[in-house]
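Undergrad: Handing you a structure now.
The values are calculated or read from the model by the stated rules, or taken from the named source; none is laboratory data. If you're wondering where the values come from, they're calculated on a predicted model, not measured in any experiment. Note: ideal-geometry Cβ built from the backbone for every residue, glycine included; neighbour counts use all protein chains shown. Just so you know, the surface numbers come from the protein's heavy atoms only, side chains and all, with ligands and any DNA or RNA stripped out. Shrake-Rupley method; radii C 1.70, N 1.55, O 1.52, S 1.80 Å.
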Protein chains: 2
Amino acid sequence: MLERIRIVLIGTSHPGNIGGVARAMHNMGLADLALVAPRCEVITQDSISRASGADHLLHQANVHATLEDAVADCTLAVGASARSRTLPWPMLSPRELADRLPTECQPADARVALVFGREDSGLTNAELQRCHAHVHIPTNADFSSLNLAAAVQVLAYECRMAWLSQAQVDTPFVAQSDDDDLATHAELERYFEHLERTLIGIDFHDPAQPRQLMARLRRLYLRARPERMEMNILRGILSATEKAASTKQLKP
Amino acid sequence: MLERIRIVLIGTSHPGNIGGVARAMHNMGLADLALVAPRCEVITQDSISRASGADHLLHQANVHATLEDAVADCTLAVGASARSRTLPWPMLSPRELADRLPTECQPADARVALVFGREDSGLTNAELQRCHAHVHIPTNADFSSLNLAAAVQVLAYECRMAWLSQAQVDTPFVAQSDDDDLATHAELERYFEHLERTLIGIDFHDPAQPRQLMARLRRLYLRARPERMEMNILRGILSATEKAASTKQLKP
(Lines give C-alpha, C1' and ligand atoms only; values in the text may rest on other atoms or scores of the structure.)
Protein backbone atom coordinates (compact mmCIF):
# COMPACT_ATOMS: atom_id res chain seq x y z
CA MET A 1 0.00 0.00 0.00
CA LEU A 2 2.64 2.53 1.04
CA GLU A 3 4.53 2.12 -2.26
CA ARG A 4 1.41 3.37 -4.09
CA ILE A 5 1.37 6.70 -2.26
CA ARG A 6 3.20 9.67 -3.77
CA ILE A 7 4.05 12.89 -1.98
CA VAL A 8 3.88 15.85 -4.39
CA LEU A 9 5.42 19.18 -3.36
CA ILE A 10 4.60 22.23 -5.46
CA GLY A 11 6.86 25.27 -5.66
CA THR A 12 8.85 24.57 -2.48
CA SER A 13 11.31 27.36 -1.67
CA HIS A 14 13.45 25.96 1.18
CA PRO A 15 15.78 23.00 0.57
CA GLY A 16 15.65 22.23 4.31
CA ASN A 17 11.92 21.59 4.05
CA ILE A 18 12.42 19.15 1.16
CA GLY A 19 15.01 17.35 3.30
CA GLY A 20 12.60 17.29 6.26
CA VAL A 21 9.90 15.87 4.00
CA ALA A 22 12.28 13.13 2.78
CA ARG A 23 13.09 12.17 6.38
CA ALA A 24 9.41 12.13 7.40
CA MET A 25 8.54 9.99 4.36
CA HIS A 26 11.32 7.46 4.89
CA ASN A 27 10.50 7.25 8.62
CA MET A 28 6.93 6.30 7.72
CA GLY A 29 7.85 3.97 4.85
CA LEU A 30 6.95 6.21 1.90
CA ALA A 31 9.42 6.51 -0.98
CA ASP A 32 7.75 8.22 -3.95
CA LEU A 33 8.56 11.94 -3.93
CA ALA A 34 7.61 14.27 -6.80
CA LEU A 35 8.60 17.92 -6.97
CA VAL A 36 6.69 20.36 -9.15
CA ALA A 37 8.61 23.46 -10.23
CA PRO A 38 10.68 23.75 -7.04
CA ARG A 39 11.79 27.33 -6.33
CA CYS A 40 15.11 26.19 -4.85
CA GLU A 41 17.93 23.70 -5.37
CA VAL A 42 16.91 20.22 -4.24
CA ILE A 43 20.29 18.75 -3.30
CA THR A 44 21.98 21.17 -0.90
CA GLN A 45 23.82 20.95 2.39
CA ASP A 46 20.59 21.97 4.14
CA SER A 47 18.35 19.43 2.46
CA ILE A 48 20.84 16.59 2.98
CA SER A 49 21.33 17.58 6.63
CA ARG A 50 17.58 17.71 7.36
CA ALA A 51 17.03 14.44 5.44
CA SER A 52 19.37 12.92 8.03
CA GLY A 53 20.02 9.69 6.16
CA ALA A 54 17.02 9.74 3.83
CA ASP A 55 18.79 11.71 1.09
CA HIS A 56 18.34 8.86 -1.41
CA LEU A 57 14.74 10.08 -1.64
CA LEU A 58 16.03 13.48 -2.73
CA HIS A 59 18.18 11.89 -5.45
CA GLN A 60 15.30 9.66 -6.62
CA ALA A 61 12.74 12.47 -6.60
CA ASN A 62 11.03 13.16 -9.93
CA VAL A 63 10.95 16.82 -10.89
CA HIS A 64 8.04 17.99 -13.03
CA ALA A 65 7.11 21.27 -14.66
CA THR A 66 3.42 21.01 -13.80
CA LEU A 67 1.09 19.33 -11.33
CA GLU A 68 -0.59 17.57 -14.24
CA ASP A 69 2.67 15.82 -15.14
CA ALA A 70 3.31 14.83 -11.53
CA VAL A 71 -0.08 13.18 -11.07
CA ALA A 72 -0.84 12.02 -14.61
CA ASP A 73 -0.85 8.33 -13.62
CA CYS A 74 -2.65 8.84 -10.31
CA THR A 75 -6.07 7.37 -9.60
CA LEU A 76 -6.64 9.66 -6.62
CA ALA A 77 -5.23 13.11 -5.92
CA VAL A 78 -5.80 14.78 -2.56
CA GLY A 79 -4.70 18.34 -1.92
CA ALA A 80 -3.62 19.60 1.50
CA SER A 81 -5.58 22.74 2.21
CA ALA A 82 -5.48 25.09 5.18
CA ARG A 83 -8.41 27.21 4.12
CA SER A 84 -11.99 26.63 3.22
CA ARG A 85 -12.46 27.99 -0.26
CA THR A 86 -15.21 29.93 -1.97
CA LEU A 87 -16.34 26.76 -3.71
CA PRO A 88 -16.43 24.01 -1.09
CA TRP A 89 -14.81 20.74 -2.15
CA PRO A 90 -15.10 17.32 -0.55
CA MET A 91 -13.04 17.80 2.61
CA LEU A 92 -11.46 15.02 4.61
CA SER A 93 -9.64 14.96 7.90
CA PRO A 94 -6.29 13.12 7.82
CA ARG A 95 -8.00 10.23 9.66
CA GLU A 96 -10.86 10.04 7.17
CA LEU A 97 -8.33 10.02 4.35
CA ALA A 98 -6.37 7.25 6.06
CA ASP A 99 -9.52 5.16 6.50
CA ARG A 100 -10.00 5.17 2.74
CA LEU A 101 -6.41 4.42 1.75
CA PRO A 102 -6.39 0.60 2.05
CA THR A 103 -9.30 0.36 -0.38
CA GLU A 104 -7.96 3.12 -2.64
CA CYS A 105 -4.57 1.44 -2.85
CA GLN A 106 -5.83 -2.08 -3.45
CA PRO A 107 -5.74 -2.21 -7.29
CA ALA A 108 -2.25 -2.95 -8.60
CA ASP A 109 -2.21 0.18 -10.76
CA ALA A 110 -3.60 2.47 -8.04
CA ARG A 111 -1.54 5.59 -7.37
CA VAL A 112 -2.53 8.09 -4.68
CA ALA A 113 -1.02 11.58 -4.74
CA LEU A 114 -0.95 13.73 -1.62
CA VAL A 115 -0.32 17.24 -2.89
CA PHE A 116 1.27 20.00 -0.80
CA GLY A 117 1.58 23.67 -1.76
CA ARG A 118 4.09 26.46 -1.30
CA GLU A 119 5.39 27.41 2.15
CA ASP A 120 4.02 30.94 1.84
CA SER A 121 0.77 30.52 -0.07
CA GLY A 122 -0.25 26.85 -0.22
CA LEU A 123 -2.04 25.51 -3.28
CA THR A 124 -3.78 27.76 -5.78
CA ASN A 125 -7.48 27.34 -6.46
CA ALA A 126 -6.62 25.90 -9.88
CA GLU A 127 -4.38 23.30 -8.24
CA LEU A 128 -6.96 22.45 -5.58
CA GLN A 129 -9.57 22.00 -8.30
CA ARG A 130 -7.43 19.34 -9.93
CA CYS A 131 -7.77 17.21 -6.82
CA HIS A 132 -10.58 14.78 -6.08
CA ALA A 133 -10.73 15.88 -2.47
CA HIS A 134 -8.98 18.12 0.01
CA VAL A 135 -7.48 17.16 3.32
CA HIS A 136 -7.32 19.59 6.20
CA ILE A 137 -5.07 18.99 9.18
CA PRO A 138 -6.92 20.39 12.20
CA THR A 139 -5.00 23.29 13.72
CA ASN A 140 -5.26 26.11 16.21
CA ALA A 141 -7.44 28.71 14.47
CA ASP A 142 -5.07 31.48 15.57
CA PHE A 143 -1.96 29.75 14.24
CA SER A 144 -2.88 27.44 11.44
CA SER A 145 0.12 27.40 9.13
CA LEU A 146 2.03 24.15 9.59
CA ASN A 147 5.62 23.72 8.54
CA LEU A 148 5.68 21.78 5.26
CA ALA A 149 7.66 18.84 6.66
CA ALA A 150 5.35 18.77 9.71
CA ALA A 151 2.27 18.59 7.47
CA VAL A 152 3.80 15.76 5.45
CA GLN A 153 4.76 14.06 8.75
CA VAL A 154 1.16 14.05 9.97
CA LEU A 155 -0.27 12.64 6.73
CA ALA A 156 2.57 10.13 6.31
CA TYR A 157 1.97 8.99 9.90
CA GLU A 158 -1.74 8.50 9.15
CA CYS A 159 -0.79 6.53 6.01
CA ARG A 160 1.42 4.26 8.09
CA MET A 161 -1.26 3.78 10.77
CA ALA A 162 -3.74 2.82 8.04
CA TRP A 163 -1.23 0.42 6.53
CA LEU A 164 -0.52 -1.18 9.91
CA SER A 165 -4.22 -1.67 10.67
CA GLN A 166 -4.61 -3.17 7.22
CA ALA A 167 -1.63 -5.46 7.72
CA GLN A 168 -3.23 -6.72 10.95
CA VAL A 169 -6.54 -7.67 9.35
CA ASP A 170 -5.13 -8.97 6.08
CA THR A 171 -5.95 -12.59 5.43
CA PRO A 172 -4.07 -14.72 2.91
CA PHE A 173 -7.11 -14.84 0.64
CA VAL A 174 -8.19 -11.35 -0.32
CA ALA A 175 -11.35 -11.17 -2.38
CA GLN A 176 -10.64 -9.69 -5.77
CA SER A 177 -12.33 -6.37 -6.33
CA ASP A 178 -14.65 -6.48 -9.31
CA ASP A 179 -14.50 -2.73 -9.74
CA ASP A 180 -13.46 -1.62 -13.15
CA ASP A 181 -10.24 0.39 -13.41
CA LEU A 182 -10.52 3.95 -12.21
CA ALA A 183 -9.71 6.66 -14.70
CA THR A 184 -6.28 8.22 -14.19
CA HIS A 185 -5.76 11.87 -13.56
CA ALA A 186 -4.54 12.40 -17.14
CA GLU A 187 -7.68 10.78 -18.52
CA LEU A 188 -9.84 12.98 -16.33
CA GLU A 189 -7.95 16.09 -17.42
CA ARG A 190 -8.38 15.17 -21.08
CA TYR A 191 -12.06 14.80 -20.36
CA PHE A 192 -12.29 18.22 -18.67
CA GLU A 193 -10.51 19.84 -21.63
CA HIS A 194 -12.85 18.12 -24.01
CA LEU A 195 -15.83 19.09 -21.88
CA GLU A 196 -14.87 22.77 -21.75
CA ARG A 197 -14.20 22.86 -25.49
CA THR A 198 -17.57 21.31 -26.10
CA LEU A 199 -19.39 23.65 -23.71
CA ILE A 200 -17.81 26.65 -25.42
CA GLY A 201 -18.71 25.17 -28.79
CA ILE A 202 -22.34 24.88 -27.80
CA ASP A 203 -22.36 28.42 -26.34
CA PHE A 204 -23.08 27.18 -22.85
CA HIS A 205 -19.79 28.40 -21.43
CA ASP A 206 -18.09 31.75 -21.91
CA PRO A 207 -14.45 31.66 -20.68
CA ALA A 208 -14.62 35.46 -20.29
CA GLN A 209 -17.43 34.97 -17.74
CA PRO A 210 -16.60 31.61 -16.23
CA ARG A 211 -18.80 31.84 -13.08
CA GLN A 212 -16.97 28.81 -11.62
CA LEU A 213 -18.74 26.57 -14.09
CA MET A 214 -15.75 24.36 -14.80
CA ALA A 215 -14.85 24.23 -11.11
CA ARG A 216 -18.33 22.99 -10.27
CA LEU A 217 -18.21 20.37 -13.01
CA ARG A 218 -14.77 19.26 -11.87
CA ARG A 219 -16.05 18.86 -8.34
CA LEU A 220 -18.97 16.81 -9.55
CA TYR A 221 -16.99 14.41 -11.71
CA LEU A 222 -14.04 14.09 -9.38
CA ARG A 223 -16.41 13.24 -6.55
CA ALA A 224 -17.94 10.52 -8.71
CA ARG A 225 -14.53 8.84 -9.23
CA PRO A 226 -15.27 7.77 -12.80
CA GLU A 227 -14.08 4.43 -14.07
CA ARG A 228 -12.21 4.23 -17.36
CA MET A 229 -15.17 2.77 -19.19
CA GLU A 230 -17.46 5.52 -17.89
CA MET A 231 -14.92 8.09 -19.01
CA ASN A 232 -15.02 6.62 -22.51
CA ILE A 233 -18.78 6.91 -22.49
CA LEU A 234 -18.68 10.55 -21.33
CA ARG A 235 -16.14 11.44 -23.98
CA GLY A 236 -18.24 9.66 -26.57
CA ILE A 237 -21.13 11.89 -25.54
CA LEU A 238 -18.98 14.99 -26.00
CA SER A 239 -17.84 13.90 -29.42
CA ALA A 240 -21.40 13.23 -30.41
CA THR A 241 -22.41 16.63 -29.04
CA GLU A 242 -19.67 18.39 -31.03
CA LYS A 243 -20.60 16.53 -34.11
CA ALA A 244 -24.28 17.34 -33.70
CA ALA A 245 -23.51 21.01 -32.97
CA SER A 246 -21.27 21.45 -36.02
CA THR A 247 -23.81 19.67 -38.17
CA LYS A 248 -26.43 22.05 -36.86
CA GLN A 249 -24.23 25.10 -37.52
CA LEU A 250 -23.78 23.98 -41.10
CA LYS A 251 -27.50 24.01 -41.53
CA PRO A 252 -29.07 27.29 -42.45
CA MET B 1 -7.93 19.38 28.01
CA LEU B 2 -5.05 20.66 25.87
CA GLU B 3 -3.97 23.12 28.58
CA ARG B 4 -3.32 20.14 30.89
CA ILE B 5 -0.77 18.56 28.55
CA ARG B 6 2.91 19.42 28.97
CA ILE B 7 5.65 18.69 26.46
CA VAL B 8 8.93 17.90 28.25
CA LEU B 9 12.17 17.90 26.27
CA ILE B 10 15.25 16.42 27.92
CA GLY B 11 18.79 17.41 26.96
CA THR B 12 17.94 18.91 23.57
CA SER B 13 21.05 19.99 21.64
CA HIS B 14 19.71 21.94 18.65
CA PRO B 15 17.89 25.26 19.14
CA GLY B 16 16.18 24.75 15.77
CA ASN B 17 14.49 21.63 17.11
CA ILE B 18 13.17 23.50 20.16
CA GLY B 19 11.78 26.12 17.78
CA GLY B 20 10.21 23.41 15.62
CA VAL B 21 8.64 21.87 18.72
CA ALA B 22 7.19 25.26 19.76
CA ARG B 23 5.64 25.69 16.32
CA ALA B 24 4.18 22.18 16.30
CA MET B 25 2.74 22.72 19.81
CA HIS B 26 1.17 26.08 19.03
CA ASN B 27 -0.25 24.73 15.75
CA MET B 28 -2.00 21.98 17.70
CA GLY B 29 -3.10 24.19 20.61
CA LEU B 30 -0.55 23.09 23.24
CA ALA B 31 1.25 25.76 25.27
CA ASP B 32 3.05 24.14 28.23
CA LEU B 33 6.70 23.51 27.31
CA ALA B 34 9.28 22.32 29.85
CA LEU B 35 12.97 21.93 29.09
CA VAL B 36 15.16 19.68 31.21
CA ALA B 37 18.88 20.49 31.17
CA PRO B 38 18.96 21.71 27.57
CA ARG B 39 22.39 21.29 25.94
CA CYS B 40 22.00 24.45 23.89
CA GLU B 41 20.75 28.03 24.09
CA VAL B 42 16.96 28.17 23.92
CA ILE B 43 16.43 31.63 22.42
CA THR B 44 18.54 31.86 19.26
CA GLN B 45 18.06 33.01 15.69
CA ASP B 46 17.53 29.37 14.69
CA SER B 47 14.94 28.57 17.33
CA ILE B 48 13.00 31.78 16.69
CA SER B 49 13.10 31.22 12.94
CA ARG B 50 11.86 27.61 13.20
CA ALA B 51 9.19 28.65 15.75
CA SER B 52 7.86 30.87 12.96
CA GLY B 53 5.60 32.98 15.15
CA ALA B 54 5.32 30.64 18.14
CA ASP B 55 8.38 32.04 19.92
CA HIS B 56 6.29 33.12 22.92
CA LEU B 57 6.34 29.43 23.86
CA LEU B 58 10.15 29.58 23.94
CA HIS B 59 10.07 32.59 26.25
CA GLN B 60 7.44 31.00 28.51
CA ALA B 61 9.19 27.62 28.66
CA ASN B 62 10.14 26.41 32.12
CA VAL B 63 13.72 25.19 32.39
CA HIS B 64 14.45 22.48 34.97
CA ALA B 65 17.57 20.73 36.15
CA THR B 66 15.96 17.30 36.36
CA LEU B 67 13.05 15.34 34.93
CA GLU B 68 11.67 14.99 38.46
CA ASP B 69 11.33 18.75 38.78
CA ALA B 70 9.69 19.04 35.37
CA VAL B 71 7.00 16.47 36.10
CA ALA B 72 6.62 16.84 39.89
CA ASP B 73 2.99 18.00 39.64
CA CYS B 74 2.03 15.57 36.87
CA THR B 75 -0.57 12.85 37.35
CA LEU B 76 0.56 10.96 34.26
CA ALA B 77 3.98 10.86 32.59
CA VAL B 78 4.44 9.12 29.24
CA GLY B 79 7.88 8.71 27.69
CA ALA B 80 8.45 8.63 23.94
CA SER B 81 10.52 5.57 23.20
CA ALA B 82 11.93 4.27 19.95
CA ARG B 83 13.23 1.01 21.35
CA SER B 84 11.82 -1.88 23.25
CA ARG B 85 13.83 -2.19 26.44
CA THR B 86 15.16 -5.10 28.41
CA LEU B 87 12.37 -4.67 30.93
CA PRO B 88 9.15 -4.20 28.96
CA TRP B 89 6.95 -1.34 30.14
CA PRO B 90 3.31 -0.64 29.31
CA MET B 91 3.58 0.48 25.69
CA LEU B 92 1.01 2.57 23.86
CA SER B 93 0.67 3.66 20.28
CA PRO B 94 0.05 7.40 19.82
CA ARG B 95 -3.58 6.57 19.03
CA GLU B 96 -4.01 4.46 22.18
CA LEU B 97 -2.51 7.30 24.21
CA ALA B 98 -4.87 9.79 22.58
CA ASP B 99 -7.86 7.60 23.37
CA ARG B 100 -7.03 7.84 27.07
CA LEU B 101 -6.35 11.56 27.20
CA PRO B 102 -9.90 12.92 27.60
CA THR B 103 -10.39 10.81 30.73
CA GLU B 104 -6.86 11.43 32.02
CA CYS B 105 -7.27 15.17 31.64
CA GLN B 106 -10.73 15.42 33.20
CA PRO B 107 -9.82 16.25 36.83
CA ALA B 108 -9.05 19.95 37.28
CA ASP B 109 -5.61 19.23 38.73
CA ALA B 110 -4.67 16.62 36.13
CA ARG B 111 -1.36 17.22 34.38
CA VAL B 112 -0.09 14.93 31.63
CA ALA B 113 3.58 15.05 30.64
CA LEU B 114 4.76 13.77 27.27
CA VAL B 115 8.49 13.29 27.68
CA PHE B 116 10.96 13.34 24.77
CA GLY B 117 14.66 12.48 24.93
CA ARG B 118 17.87 13.64 23.32
CA GLU B 119 18.24 13.88 19.55
CA ASP B 120 21.13 11.40 19.57
CA SER B 121 20.22 8.93 22.29
CA GLY B 122 16.60 9.39 23.37
CA LEU B 123 15.60 8.78 26.97
CA THR B 124 17.77 6.80 29.39
CA ASN B 125 16.40 3.70 31.08
CA ALA B 126 16.25 5.62 34.37
CA GLU B 127 14.16 8.33 32.70
CA LEU B 128 11.87 5.80 31.01
CA GLN B 129 11.36 4.08 34.35
CA ARG B 130 10.02 7.30 35.84
CA CYS B 131 7.15 7.20 33.36
CA HIS B 132 3.86 5.39 33.83
CA ALA B 133 3.88 4.21 30.25
CA HIS B 134 5.81 4.54 27.01
CA VAL B 135 4.54 5.66 23.66
CA HIS B 136 6.07 4.40 20.45
CA ILE B 137 5.45 6.13 17.14
CA PRO B 138 5.37 3.38 14.51
CA THR B 139 8.22 3.80 12.05
CA ASN B 140 10.06 2.10 9.24
CA ALA B 141 12.21 -0.54 10.97
CA ASP B 142 15.20 0.43 8.81
CA PHE B 143 14.94 4.14 9.59
CA SER B 144 13.28 4.64 12.90
CA SER B 145 14.77 7.82 14.31
CA LEU B 146 12.28 10.66 13.96
CA ASN B 147 13.29 14.29 14.10
CA LEU B 148 12.40 15.64 17.56
CA ALA B 149 9.96 18.26 16.25
CA ALA B 150 8.38 15.63 13.97
CA ALA B 151 7.83 13.29 16.92
CA VAL B 152 6.24 16.09 18.96
CA GLN B 153 4.14 16.99 15.89
CA VAL B 154 2.69 13.48 15.68
CA LEU B 155 1.79 13.27 19.37
CA ALA B 156 0.49 16.85 19.49
CA TYR B 157 -1.66 16.07 16.45
CA GLU B 158 -3.08 13.00 18.22
CA CYS B 159 -3.77 15.16 21.30
CA ARG B 160 -5.69 17.63 19.17
CA MET B 161 -7.66 14.87 17.42
CA ALA B 162 -8.61 13.45 20.84
CA TRP B 163 -9.62 16.90 22.05
CA LEU B 164 -11.75 17.51 18.94
CA SER B 165 -13.55 14.18 19.30
CA GLN B 166 -14.13 15.01 22.97
CA ALA B 167 -15.42 18.49 22.13
CA GLN B 168 -17.94 16.89 19.79
CA VAL B 169 -19.40 14.56 22.40
CA ASP B 170 -19.21 16.93 25.36
CA THR B 171 -22.56 17.71 26.91
CA PRO B 172 -23.17 20.74 29.15
CA PHE B 173 -23.64 18.48 32.18
CA VAL B 174 -20.57 16.35 32.73
CA ALA B 175 -20.88 13.76 35.46
CA GLN B 176 -18.42 14.46 38.24
CA SER B 177 -15.81 11.78 38.63
CA ASP B 178 -15.90 10.23 42.07
CA ASP B 179 -12.34 8.99 41.76
CA ASP B 180 -10.06 10.09 44.51
CA ASP B 181 -7.14 12.31 43.53
CA LEU B 182 -4.32 10.53 41.76
CA ALA B 183 -0.92 10.71 43.38
CA THR B 184 1.40 13.17 41.70
CA HIS B 185 4.74 12.22 40.26
CA ALA B 186 6.56 13.77 43.22
CA GLU B 187 4.49 11.75 45.69
CA LEU B 188 5.23 8.58 43.75
CA GLU B 189 8.95 9.35 43.70
CA ARG B 190 8.97 9.95 47.44
CA TYR B 191 7.29 6.61 47.81
CA PHE B 192 9.88 4.83 45.62
CA GLU B 193 12.71 6.40 47.62
CA HIS B 194 11.07 5.31 50.81
CA LEU B 195 10.45 1.85 49.41
CA GLU B 196 14.05 1.37 48.31
CA ARG B 197 15.37 2.61 51.65
CA THR B 198 13.08 0.21 53.43
CA LEU B 199 13.98 -2.73 51.20
CA ILE B 200 17.67 -2.09 51.83
CA GLY B 201 16.93 -1.76 55.51
CA ILE B 202 15.27 -5.14 55.63
CA ASP B 203 18.10 -6.72 53.56
CA PHE B 204 15.79 -7.55 50.72
CA HIS B 205 17.55 -5.26 48.27
CA ASP B 206 21.27 -4.87 47.62
CA PRO B 207 21.99 -1.76 45.49
CA ALA B 208 25.28 -3.38 44.45
CA GLN B 209 23.28 -6.21 42.88
CA PRO B 210 20.05 -4.48 41.89
CA ARG B 211 18.71 -7.14 39.45
CA GLN B 212 16.14 -4.62 38.17
CA LEU B 213 14.22 -4.95 41.39
CA MET B 214 13.34 -1.28 41.70
CA ALA B 215 12.49 -1.09 38.01
CA ARG B 216 10.05 -3.97 38.38
CA LEU B 217 8.45 -2.39 41.43
CA ARG B 218 8.20 0.94 39.67
CA ARG B 219 6.47 -0.72 36.76
CA LEU B 220 4.02 -2.41 39.05
CA TYR B 221 3.05 0.68 41.02
CA LEU B 222 3.02 3.06 38.09
CA ARG B 223 0.74 0.69 36.23
CA ALA B 224 -1.64 0.71 39.20
CA ARG B 225 -1.94 4.54 39.07
CA PRO B 226 -2.18 4.90 42.87
CA GLU B 227 -4.49 7.45 44.41
CA ARG B 228 -3.20 9.79 47.04
CA MET B 229 -4.93 7.96 49.87
CA GLU B 230 -3.50 4.64 48.70
CA MET B 231 -0.07 6.22 48.58
CA ASN B 232 -0.48 7.28 52.20
CA ILE B 233 -1.39 3.74 53.12
CA LEU B 234 1.63 2.30 51.28
CA ARG B 235 3.95 4.76 52.95
CA GLY B 236 2.38 3.96 56.29
CA ILE B 237 3.23 0.31 55.67
CA LEU B 238 6.84 1.23 54.90
CA SER B 239 7.13 3.29 58.07
CA ALA B 240 5.68 0.43 60.06
CA THR B 241 8.10 -1.97 58.36
CA GLU B 242 11.10 0.23 59.18
CA LYS B 243 9.97 0.61 62.72
CA ALA B 244 9.45 -3.11 63.12
CA ALA B 245 12.82 -3.90 61.52
CA SER B 246 14.76 -1.50 63.73
CA THR B 247 12.95 -2.80 66.80
CA LYS B 248 13.92 -6.29 65.79
CA GLN B 249 17.58 -5.31 65.24
CA LEU B 250 17.69 -3.83 68.73
CA LYS B 251 16.65 -7.13 70.15
CA PRO B 252 19.42 -9.61 70.81
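Undergrad: Tally time: how many residues in segment A:1-40 are out of contact with any His (no Cβ under 9 Å at 6 or more places or on another chain) and part of a strand (DSSP E or B)?
TA: Qualifying residue count, segment A:1-40: 7.
Undergrad: Follow-up question, since we're still on this one. Quick check: anything in segment A:68-86 outside any loop (DSSP other than H, G, I, E, B) and within 14 Å of chain B (Cβ to nearest Cβ)?
TA: yes
Undergrad: Further question: Being touching a Gly at 6+ places or on another chain (Cβ under 6 Å) and closer than 23 Å to B:Leu146 by Cα, is that true of even one residue in segment B:55-77?
TA: For segment B:55-77, residues touching a Gly at 6+ places or on another chain (Cβ under 6 Å) and closer than 23 Å to B:Leu146 by Cα: absent.
So that you can scan it fast, the table gives a plain yes or no per residue for (1) of a type in the set (D, E, K, R); (2) under 15 Å from B:His14 (Cβ atoms); (3) surrounded by fewer than 18 Cβ atoms within 10 Å (Cβ to Cβ):
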residue	(1), (2), (3)
B:Leu33	no, no, no
B:Ala37	no, yes, yes
B:Ile43	no, yes, yes
B:Ile48	no, yes, no
B:Asn62	no, no, yes
B:Ala65	no, no, yes
B:Ala70	no, no, no
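Undergrad: Restricting attention to segment A:3-29, which residues are under 16 Å from the mean Cα position of the chain (by Cα) and open to solvent by less than 10 Å² (accessible area, probe 1.4 Å)?
TA: A:Ile5, A:Ile7, A:Val8, A:Leu9, A:Ile10, A:Gly11
Undergrad: Mind listing just one residue for me: the one in segment B:150-161 that is of a type in the set (A, V, I, L, M, F, W, C) and facing another protein chain (nearest Cβ under 7 Å) and, of those, most open to solvent (accessible area, probe 1.4 Å)?
TA: Filtering first and then ranking leaves B:Met161.
Undergrad: For segment A:110-130, how many residues are of a type outside the set (Gly, Ala, Ser) and closer than 17 Å to A:Leu30 by Cα?
TA: 5
Undergrad: Kindly indicate whether A:Ile43 is in a helix (DSSP H, G or I) and either over 17 Å from the mean Cα position of the chain (by Cα) or at pLDDT below 95 (or both).
TA: Criteria not met by A:Ile43.
Undergrad: Further, regarding this structure: Based on this model, can you work out whether B:Ala77 counts as touching a strand residue (DSSP E or B) at 6+ places or on another chain (Cβ under 6 Å) and either of a type in the set (A, V, I, L, M, F, W, C) or closer than 27 Å to B:Asp142 by Cα (or both)?
TA: Answer is yes for this residue.
Undergrad: Looking only at segment A:85-140, which residues are acidic (Asp, Glu) and open to solvent by 60 Å² or more (accessible area, probe 1.4 Å)?
TA: Residues satisfying the conditions are A:Glu96, A:Asp99, A:Asp109, A:Asp120.
Undergrad: Conditions: (1) within 14 Å of chain B (Cβ to nearest Cβ); (2) in contact with a Leu (Cβ under 9 Å, 6 or more places away or on another chain); (3) open to solvent by less than 10 Å² (accessible area, probe 1.4 Å). A:Ala54 meets all but one. Number of the miss?
TA: (2)
Undergrad: Continuing with the same structure: Restricting to segment A:182-218, name every residue that is farther than 22 Å from A:His134 by Cβ, β-branched (Val, Ile, Thr) and not in a helix (DSSP H, G or I).
TA: Passing the criteria: only A:Ile202.
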